[in-house]
Amino acid sequence: MENNKKQIPWIRLLSFVFIFFFLLIQVTQLLTSKDGEQKQEIDYLFYNEFDKSFADVWLMGSSQTYCALTPTVIYHESGISSVNFSASNQTMVYVYYKIQEMLNDGFQPKVVVLDCVGLRTLSQEPGEDGSHFENSFRRGVLLLNSWRSKIEYVCALEDEYNGSYFGNYLFPLERFHSRWSELGKGDYYPKGDKISVEMGALLDTRIKEISASKQNGDLSLKCELNPHEVKYLLKTIDLLKQNGVDVLVVKWPDSYTDDALHNSIQEVCTQAEVDFLDLNTPNVSKILQNQYTLSYKTDFYNYDHLNAWGNEKVSRFFGKYLEQNYSLPDHRGESSYVFMDTYYKTLAQSYPEVFESK
Amino acid sequence: MTITSLSFFGFVALTLLLYYIALKQKRWFLLLVASIFFFVASCGWKMLIYLFFGIGLCFFSAKQIAKTEDPKKKKQILFVSIVLLLLELAGLKYLSFFTTLSNIFSDLFNVQWYMGEINILAPIGISYYTLSVIGYLTDVYRGELKPQENCFKMALFVSYFPQMVSGPIVRYSEMNKTLYQGNEFDYNNVKSAFMRIVWGLFKKMVIADRLAIVVSSVFSNTGQFGGFYIAVTTIAFAFQLYADFSGCMDVVLGVSQAFGVKLPENFRQPYFSESLSEFWRRWHITLGSWVKDYILYPLLKSNRFQSISKKLKKKYGKKVGRNLPTIIGLFFVWSFIGLWHGGSFKFIFASGLIHWFWISSGMVLSGFFEKVNEFFKFDTECFSFKLFRKVRTFLTLCIGFIFICSQSFVDGLRSTYRMIKTFNPWVVSLGNLGSFGINIYDFVLILVGLLLILLVSIKKEQGMEIRKWVLSQNIPFQWIVLLGGIFAVIIFGVYGPGYDASTFIYGGF
């Protein structure tokens, strides 16, 4: 009896610890805020519903990207298949690890579009409550699928921002445990239970008149760019080039991209030897306004986001741009892409005010 | 380092590991190192000077007391030591109160002698270990104890880390054996200790800290609330205080149990008490028994009190001769208890003198109540009568709690007035939970938590040891209970960003 007392039942103890940590991870995932819920749907579709070679173009970036491009419209316009992975305040650190993860998983795009709006934002500090980018940093952990990518991503944040985010980001139970009373369907089924015909885009039907960006082609002007974003943009470009993927850096229409910002981004792109398409330059802006009827009076819902009408127009423009500048296949008529036509029809029915004249 | 923090449990886990792999005869020394580390981590290394002062005084005075043959000299050493310890405690914890007192008197007597507010940071646990040290010295003086010859062992008795935050107030004779002997690892004992810690955390983090939201919502804005708002919140505070303090004790005793060191229990279902005297035998038991053994009995047995008693007996009869000195003695005791809880009038009144008043009144009127019971032929042993007495005791306690919740004594008076003045029972409704700072989910959690505490208390009162019972069940059941408890704390506990981790209420005393 005395001997029994002193013996530690290691197997029981280890089993208990294993069960505890298993439950802890499950509870953490359940309670963590699903800020990127919609984006998880896209990930789910991408990984589970589509063929690995389904998307020739990956659209990465911030909210400007998901407000500017609808893959369904691009497909309808040019037959090019794409998926919009953009999310609010998506950082280049996340983009790098997400692309690395997807490439490692065997997905192979032909072109990756990188929205560079984050480059201008200097005040990114993870770990700060109320910080503009805090949700984005956290969403990164949520949207990366493998634990290896999650850990690498958080380590990269720690390196970049000299902070300690490991426990806080990977096991954010302390932060989110009190969400138990507000759990919803999205928490139990974060991957969604419906197919999103927008394929990662957001079509907002609000309208706000804004002034167009003013660029005069003055090459002498420069501005400071976020060094972390620039570093990871260059790393991402390297990674994609090593994998034989073309890269296109873009700046979507807004009211603030001036010569200084344009020149600074252009400089980075020139250094990295990749194309930079700025939809605010006078030449491109003219095409958008004249050929695609993009209007700064009716096609935005705030000073830097296109609304549903603007999205439809820019998507069509961008589809044509990809068609003309990259050798991408037209998948229209292929049996595995037929569902995209159905998607487009559903999309048009969902937004009759946008698509009725098309 | 708060004892609900992850860092504390990391520290405990590491200390446990080192404790059980260390040589048996060196284990107590490891506990000493851990205790000093905990002390420094909790209040900084500068505070060590106060701790070392207490340890040094305790060690050398005890040896001197034991060595000295002359009873008068023994008494002098004891007296000086106690005065020095109390001066240290008063200087660190009550200076602010004494300056307030001095300013009030200078106002009253129109003396131009104002003192600014003085706030000195007191080291953690000083109120608790000071009483333990006084008790130890007194026991040595009485010849009930042999003084500890090893100053490091003495240091461990004073600084033993689990008891540093909120007690219990330990006696040397109660823990010296298990503290120094180097306890063997006992899996079942550690498991039981772990269960106790989880139960304590549940009481503290799920129930007490949720009730704290209710209490602070109303008592931080008493000007806006009256009537049933204050009444209900005061009852909520009564449960908060119990869940908080007993939860803390479960963590403390559980941690100590994991090391094999047995600490005295501090609670025995206090809200089941049928009188205030009984309440103080069930609530903060170690303080009650300390005060009884080191203040009340010595006072009543002193020559002066004995002669007063004799004179009173002669002049006014047996009853007065017996009761009046006790009432006077109790006045000192309750003033001490009140002051010990905090250097402010609200504590002196609400944790001290109000209890003295109720208990003394009970003593004086006991004969009258007996006659009333006889007259109405009340069965004082039936359930309903006992329940009535329990509810009466609880509500009597709540009167004092109004003052403890309030910012000051005067504020307590105002709150009591506002509670009586306004009749608004309709504010106690599910639709009005928002006014109490909680929502329906919090309410359900509080209710379930309190019912669980009630159930456990009833079973304990019936003599059942819940943990022992759980540990006698099959492993799956044990794990379900344990994991259920852990995840209840993790999910439903009140902690995290936006919440200022509240310390244990008794940690502030």
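The values are calculated or read from the model by the stated rules, or taken from the named source; none is laboratory data. The structure presented is a predicted model; accordingly, all values stated were derived computationally and were not measured. Neighbour counts run over all protein chains shown; Cβ positions are idealised from the backbone, glycine included.
A single member of B:173, B:166 is crowded, with 23+ Cβ neighbours inside 10 Å and among the small types (Gly, Ala, Ser), and it is B:166. Any residue in the range A:231-246 that is part of a strand (DSSP E or B), under 15 Å from residue A:60 (Cβ atoms) and out of contact with any Pro (no Cβ under 6 Å at 6 or more places or on another chain)? Scanning the range A:231-246, I find at least one residue that is part of a strand (DSSP E or B), under 15 Å from residue A:60 (Cβ atoms) and out of contact with any Pro (no Cβ under 6 Å at 6 or more places or on another chain), so the answer is yes. Name every residue in the range B:259-279 that is crowded, with 18+ Cβ neighbours inside 10 Å, under 21 Å from residue B:181 (Cβ atoms) and touching a Pro at 6+ places or on another chain (Cβ under 9 Å), in order of residue number. Of everything in the range B:259-279, those that are crowded, with 18+ Cβ neighbours inside 10 Å, under 21 Å from residue B:181 (Cβ atoms) and touching a Pro at 6+ places or on another chain (Cβ under 9 Å) turn out to be B:259, B:261, B:263. Note on the range A:172-211: among residues that are basic (Lys, Arg) and at pLDDT 85 or above, the one that is farthest from residue A:348 (Cα to Cα) is A:179.
Entry remark, the range A:238-267: residues being buried (at least 16 other Cβ atoms within 10 Å of the Cβ) and either under 20 Å from residue A:95 (Cβ atoms) or touching a residue at least 60 places away in the same chain (Cβ under 8 Å) (or both) number 17 in total.
Taking the range B:390-475 as the region of interest, the helices (runs of 4 or more DSSP H) fully inside it that hold 2 or more residues being under 22 Å from residue B:217 (Cβ atoms) are B:409-421, B:440-461.
If you go through the range A:203-223 and pick out every residue that is acidic (Asp, Glu) and more than 29 Å from residue A:84 (Cβ to Cβ), you end up with 1. Filtered by the rule that a residue be surrounded by 15 or more Cβ atoms within 10 Å (Cβ to Cβ) and among the hydrophobic types (A, V, I, L, M, F, W, C), the range B:429-470 gives B:433, B:436, B:438, B:443, B:445, B:446, B:450, B:452, B:453, B:456, B:466, B:470. Taking residues in the range B:12-26 that are closer than 17 Å to residue B:186 by Cβ and surrounded by 11 or more Cβ atoms within 10 Å (Cβ to Cβ), and partners anywhere that are acidic (Asp, Glu) and at pLDDT below 95, the pairs with Cβ atoms closer than 9 Å and at least 6 places apart or on different chains are B:20/B:184; B:24/B:184. A Cβ distance below 9 Å, combined with a sequence gap of six or more or placement on separate chains, defines the contacts here; from the range A:315-326, residues that are farther than 22 Å from residue A:203 by Cβ and in contact (Cβ under 8 Å) with a residue 40 or more places away in the chain reach residues that are of a type in the set (S, T, N, Q) and in a helix (DSSP H, G or I) in the pairs A:323/A:78. Taken as a whole, the structure places residue B:387 among residues that are modelled with pLDDT of 90 or more and over 30 Å from residue B:301 (Cβ atoms).
Inclusion of residue A:139 among residues that are in contact (Cβ under 8 Å) with a residue 24 or more places away in the chain, within 14 Å of chain B (Cβ to nearest Cβ) and among the charged types (D, E, K, R) is not warranted. Restricting attention to the range A:287-306, does a residue exist that is modelled with pLDDT of 95 or more, within 23 Å of the chain's Cα centre (by Cα) and of a type in the set (Ser, Thr, Tyr)? No, that holds for no residue. For residue B:274, state whether it is more than 28 Å from residue B:197 (Cβ to Cβ), out of contact with any Leu (no Cβ under 6 Å at 6 or more places or on another chain) and in a loop (DSSP other than H, G, I, E, B). So residue B:274 fits the description; yes. Take the conditions modelled with pLDDT under 80 and either surrounded by 14 or more Cβ atoms within 10 Å (Cβ to Cβ) or not hydrophobic (A, V, I, L, M, F, W, C) (or both) and apply them to residue A:5. Does it pass? It is true that residue A:5 is modelled with pLDDT under 80 and either surrounded by 14 or more Cβ atoms within 10 Å (Cβ to Cβ) or not hydrophobic (A, V, I, L, M, F, W, C) (or both). Restricting A:182, A:273, A:267, A:174 to residues that are at positive phi, out of contact with any Leu (no Cβ under 8 Å at 6 or more places or on another chain) and of a type in the set (D, E, K, R) narrows the list to A:273. Taken as a whole, the range A:213-235 holds at least one residue that is among the small types (Gly, Ala, Ser), under 18 Å from residue A:115 (Cβ atoms) and in contact (Cβ under 8 Å) with a residue 60 or more places away in the chain. Restricting attention to the range A:82-119 and to residues that are touching a strand residue (DSSP E or B) at 6+ places or on another chain (Cβ under 7 Å) and hydroxyl-bearing (Ser, Thr, Tyr), the residue that is modelled with the lowest pLDDT turns out to be A:86.
Hey, any hits in the range A:188-205 for a residue that's more than 20 Å from the chain's Cα centre (by Cα) and of a type in the set (A, V, I, L, M)? Among the residues of the range A:188-205, not one is more than 20 Å from the chain's Cα centre (by Cα) and of a type in the set (A, V, I, L, M), which makes the answer no. In the range A:318-352, the residue that is farthest from residue A:111 (Cα to Cα) out of those that are part of a helix (DSSP H, G or I) and among the charged types (D, E, K, R) is A:345. For the range B:10-33, the criterion of being among the basic types (Lys, Arg) and within 23 Å of residue B:166 (Cβ to Cβ) is met by none of the residues. Among the residues in the range A:174-195, are any farther than 30 Å from residue B:494 by Cβ and either among the hydrophobic types (A, V, I, L, M, F, W, C) or within 14 Å of chain B (Cβ to nearest Cβ) (or both)? Yes, the range A:174-195 contains a residue that is farther than 30 Å from residue B:494 by Cβ and either among the hydrophobic types (A, V, I, L, M, F, W, C) or within 14 Å of chain B (Cβ to nearest Cβ) (or both). For the range B:149-215, the helices (runs of 4 or more DSSP H) that sit wholly inside it and include 3 or more residues that are aliphatic (A, V, I, L, M) are B:151-159, B:187-201. If you filter the range B:185-223 down to residues that are within 14 Å of chain A (Cβ to nearest Cβ) and in contact with a Ser or Thr (Cβ under 7 Å, 6 or more places away or on another chain), you find that the one that is farthest from residue B:466 (Cα to Cα) is B:209. Listed conditions (1) aromatic (Phe, Trp, Tyr); (2) without any contact (Cβ under 8 Å) to a residue 12 or more places away in the chain; (3) within 14 Å of chain A (Cβ to nearest Cβ) are all met by residue B:388, apart from (3).
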